[in-house]
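Presented below is the structure to which this report refers.
The values are calculated or read from the model by the stated rules, or taken from the named source; none is laboratory data. Nothing here was measured: the structure is a model prediction, and the numbers come from that model. For neighbour counting, all protein chains shown are included, and Cβ atoms are generated from backbone atoms with ideal geometry for every residue, glycine included.
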Amino acid sequence: MVMASLSACMSAKDVIYFNEGKAIEDTQATLSYPEATIQKNDHLNITVSSLNPEATSLFNISTSTVNTEETVNGYWVDSNGDIQFPLLGEIKAAGLTKEALRKEILSKLKERALLTDPIVNIRYLNFRVTIVGEVNHPMVVHVPSEKISIMEVLGMAGDLTIYGNRKKVLLIREENGVKQIIRLNLNAADLLSSPYYYLKTNDVVYVEPVKQRIKVADATTTQNRISLTIGLLTIAAIIVSRISF
């Protein structure tokens with residue numbers, strides 16, 4: 001009964017992605033992947049290689065294997081936004097992109113002539129996004145590839161429930177200590193070319209419920225209370241009748 005009422009209030013258009021604006025076949029999206037800036041408390045894997053493996057090993061934090069699973073002891077960005085790098089000391093990382101930090105380390109290595117033709121690679125060890133609200137499987141998604149779109153995250157979470165409001169999806173993002181709240185419309189075709197189509201590390205996606213969901217929840221609560229009250233009154237009547245007998 002409740003589901004029938006909800007279905008009557010929602011049209012097919014409400015649950016179809018990218019149906020607003022240009023026709024989907026006419027939408028040519030040029031997507032640019034937003035490079036995240038490193039934040040305090042980020043966990044980075046930084047590897048250095050060169051023609052001299054012995055000299056290079058000083059800069060690479062060793063990994064260990066426990067129960068066949070590799071444990072990587074990467075570089076933590078401290079509360080001041082710095083990392084402590086072997087021989088180079090304190091390096092400011094927060095606020096930089098991975099590419100900018102890579103160039104900074106490379107420059108310092110060459111400047112001090114510590115290695116010949118060094119190569120530096122950096123990746124996040126804590127790249128993850130969280131999806132909550134009206135999805136079938138709220139979850140934290142770990143992203144080893146460091147690239148994921150909002151549609152991929154929704155797919156991993158089992159898609160929106162029937163109560164999910166596709167026009168009111170909140171993206172909560174923190175950069176340089178400032179929180180941003182961006183409202184996304186999954187029905188809009190221009191989402192495909194939006195700078196928020198691809199997610200950044202530590203993003204939180206919250207799917208709001210449709211108004212009918214709140215009404216259904218209130219109605220269900222009221223029905224449960226009525227059922228409980230009737231049940232208690234029935235038990236009380238049985239007890240009284242038995243005592244009287």
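Of everything in region 80-93 that is part of a strand (DSSP E or B) and either of a type outside the set (Lys, Arg) or not assigned by TED's automatic domain parsing to the domain that holds Thr47 (or both), the residue that is surrounded by the most Cβ atoms within 10 Å (Cβ to Cβ) is Ile83. Look at (1) touching a residue at least 60 places away in the same chain (Cβ under 8 Å); (2) on the phi > 0 side of the Ramachandran plot; (3) surrounded by fewer than 17 Cβ atoms within 10 Å (Cβ to Cβ); (4) not basic (Lys, Arg) and you find that Gly133 fails only one, number (3). Restricting the first residue to region 142-167 and requiring it to be in the same structural domain as Leu186 (by TED's automatic domain parsing) and on the phi > 0 side of the Ramachandran plot, which pairs with a second residue that is at pLDDT 95 or above and part of a loop (DSSP other than H, G, I, E, B) meet a Cβ separation below 6 Å and a spacing of at least six or different chains? Pairs that qualify, where the first residue is in the same structural domain as Leu186 (by TED's automatic domain parsing) and on the phi > 0 side of the Ramachandran plot and the partner is at pLDDT 95 or above and part of a loop (DSSP other than H, G, I, E, B), are Gly158/Asn136; Gly158/His137. From the list Leu192, Leu233, the one residue that fits, being more than 30 Å from Leu44 (Cα to Cα) and either modelled with pLDDT under 90 or in the same structural domain as Thr97 (by TED's automatic domain parsing) (or both), is Leu233.
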